[in-house]
Amino acid sequence: HRSNKHHRAKYYFRGDQAKDLRAPSIRRSQKKMRSGTCGKGPVSKESRLKESRLVSIADWHGDFKGMTRMLEAMRLVQKSGRSWKWVGGESKLVLLGDVVDRGHDGKRMWEFLFLLQQQASGNVVYLLGNHEAMLLAGDYRYMTLPDVCRYAFNGELEVCDAVNQNQREYSSEWGESFCKHEKAATARDCGHDIFRLVQAVTEAWGPQGRIGQQMRQGVKDGTVRLTYRGPSHGSILFAHAGLDLSWCSKYMGNHPCSYQGIQTRLQVALQANRTYEDIAKESFLHDNSGPVWTRMCDNTDDTEVCGAIKSVLKTFGASRMAIGHCPQRIGQTVESAGIRDRCGARFLLTDTFMSRGYNLDQAVSRRNQAALEVVGGQVYKVYQGSHRCHQLPHLGAL
C-alpha cells in the first residue's frame, strides 16, 4: 500500500518548499544553504566549532545511510575510512526519537549514535520515541528481519544465514515487520522460532545488554531524555510526540512538571536493574497522552490545540514546541509536505517521511530530508534535499 509506483506527487514539495511554482515574493523568503548551515555568510571550520548552533532531526527509522548522509551534509559528521567522526564542534544535535524500527539498521544506528555522543562530549542528545519505548518494553512488532538478525550470533539461526546470503532480496522488504502480524503484542506471538531469534534483541536492550546499559546510563546522565530545551537556542521545547499538561498532572506526582522533574521521573522508570517486563508496566512512559505517544498533532481544532500548546510553553518558559512522530506528507503519497508550523509557528511538526522504512525509495528519502536549525537564536527550516532554508519569525517565550 506504500508502493512508489502509484503514489507519486506532482511536485516534490508544497508550501514553503514548492520552489518551482512559487510566486517571487515567496521565493525570496528562502535562501540557499552555505557550507551545510543556514547561518549568514560562509562558515569556516573555526567559526563552526565556536558558533551557537543546534540541529534537530526527527524519525529516521532504521535508515543508516540516509541519516549519516544528512548529518555529513550538515557538517556534523565526517566519514574517515569505514568509520565516522564528529566534526560539529560545539554544535548541538538533538534527535527527536524513533531511530529504530521499520528500517534494517536500527541496531547499527544506535551503536553509531552512542559512539558519536562520546566523541561530541555531550553535544548529542537523544529523545526517546514510542519505538524506543516499545523495544525497551519487549515489543518488537515493527522490526524488520535483517535488523533482528543483526542482534543474533552469526551462524546460530538458519533464517539469518539466509538473510546474509540474499541481501538483495531482503533489501525490498523495508518497512515490513519480521513478525508479519501487526497486532502481535510481543514477538512471542509470532511463533516459537521467531521468539528464539529475538531473545538476542531482548538481551541487547535489557539491563545487562550493550544498548540497554548505554540507554539507562544516558537517562541517568541526562543525554537520553523525554524533553529538552537548548539554553541558548531559541527557547524551543523538544519532545518526540509533544507534551500535555494533563499527563503531568496524572503521572508526575511529587515531581515538578519541568524539564528536570520529567527527567528525574524517567530515571525512576528506567533504573539500571529494570527489565522489559517492568518497563512494559510503566504507564508513565506508555500512556497515550505522554511525550512519546500523544497524538495532539492530529487535533484539527486550532483553538483547542493552540491553547494547549501555549499553556505548555508558558509553563516551560519556551517560545515553540518541536516534535517528530507525525509524518507530514502530501495526502497518501510518499512525498513530504515539508515541516509544518501551526499556532503562529509556535508548534513545529518536523517528521517529513525521510526514512526508506516509510517511503521505500532512496531518491524520495533525499528529497524529503528536513531538519530544524537554530543559529544565533534564529530558527530555520532546513530542506537538505533542495539545499534551501526557510527562516521562521522570531518569537519570544510566553
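Numbers below:
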| item | result |
| --- | --- |
| Positive-end residue of S283, S311, M296, charge dipole of segment 255-372 with Cβ unit charges | S311 |
| Total formal charge among the other residues, if their Cβ is under 13 angstrom from that of R210, Lys/Arg +1 and Asp/Glu -1 | +2 |
| Mean Cα-pair separation over length for segment 297-398, i.e. relative contact order, pairs under 8 Å, 6 or more apart, % | 23 |
| Kirkwood Rh in Å, taken over all unlike Cα pairs in segment 350-398 | 11.9 |
| Inverse mean reciprocal Cα-Cα distance (Kirkwood Rh) of segment 85-153, Å | 12.9 |
| Estimated FRET transfer efficiency when R0 is 45 angstrom, pair E203-D301 (beta carbons, to 0.05) | 0.50 |
| Where the Cα pairs of segment 280-355 fall when distances are cut into 10 Å bins, in % | 17, 45, 31, 7 |
| Dipole in debye (nearest 20) - segment 208-266, about Cα centre, beta carbon charges: Lys, Arg +1; Asp, Glu -1 | 180 |
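All of the numbers you see were taken from the coordinates with simple rules; none came from a lab. Fair warning: this is a prediction, and the values are worked out from it, not measured in the lab. Every residue, glycine among them, receives a Cβ derived from its backbone with ideal geometry; neighbour counts consider all protein chains shown.
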